[in-house]
Amino acid sequence: MDDTASLYSINRLTAYLQSLGHRAPKPTVSDYVAWFEDAFFLFTVPVFDASLARAKTNPKKIYCVDHALVRSIGSGILVNSGHLTALAQAMAELGTRTGTVVTGDEEETIAVDAGSIEVLPAWRFLLDVG
């Protein structure tokens with residue numbers, strides 16, 4: 001969780017877990033990542049390369065599907081919050097003055113350099129869409 005939106009490889013992840021003293025064979029680590037993807041908990045994105053052979057061997061980026069979950073169960077020490085503030089950057093790049101984040105029950109307005117981000121509970125967002 002601390003490295004969401006960062007590059008990873010099964011080899012590096014296995015080595016990291018083993019450095020912490022865990023018995024973590026590479027096939028098992030690979031299986032766990034696949035299971036987390038199957039459960040829609042994590043997803044990976046390959047780094048683009050025109051060469052398919054290099055694209056398959058390059059590290060991938062790994063993301064958690066819920067940024068709130070990252071903040072709630074991550075250690076808080078290594079979380080790269082710069083990866084969690086991408087909406088403000090996208091707003092600036094697209095010239096959009098407002099952005100929306102849909103939550104379970106939170107509601108607020110966050111001022112950012114590009115404009116404002118509306119944080120809305122899902123029920124309000126769904127009522128406003130129609």
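The values are calculated or read from the model by the stated rules, or taken from the named source; none is laboratory data. What you are looking at is a predicted structure, and each value in this text was computed from that prediction instead of being measured. Please note: Cβ atoms are built from the backbone with ideal geometry, for glycine as well, and neighbour counts cover all protein chains shown. We work out accessible area using only protein heavy atoms, side chains counted, and drop any ligands, DNA or RNA first. Shrake-Rupley method; radii C 1.70, N 1.55, O 1.52, S 1.80 Å.
Considered as a group, the residues in region 99-130 that are assigned to a loop (DSSP other than H, G, I, E, B) and either open to solvent by less than 60 Å² (accessible area, probe 1.4 Å) or within 25 Å of residue 62 (Cβ to Cβ) (or both) include one that is modelled with the highest pLDDT, and that residue is 114. Got at least one residue in region 80-98 being open to solvent by 70 Å² or more (accessible area, probe 1.4 Å), β-branched (Val, Ile, Thr) and at pLDDT 85 or above? Checking region 80-98: at least one residue is open to solvent by 70 Å² or more (accessible area, probe 1.4 Å), β-branched (Val, Ile, Thr) and at pLDDT 85 or above.
If we keep just the residues of region 70-79 that are in a loop (DSSP other than H, G, I, E, B) and surrounded by 14 or more Cβ atoms within 10 Å (Cβ to Cβ), which is modelled with the lowest pLDDT? Only one residue tops the list, namely 79.
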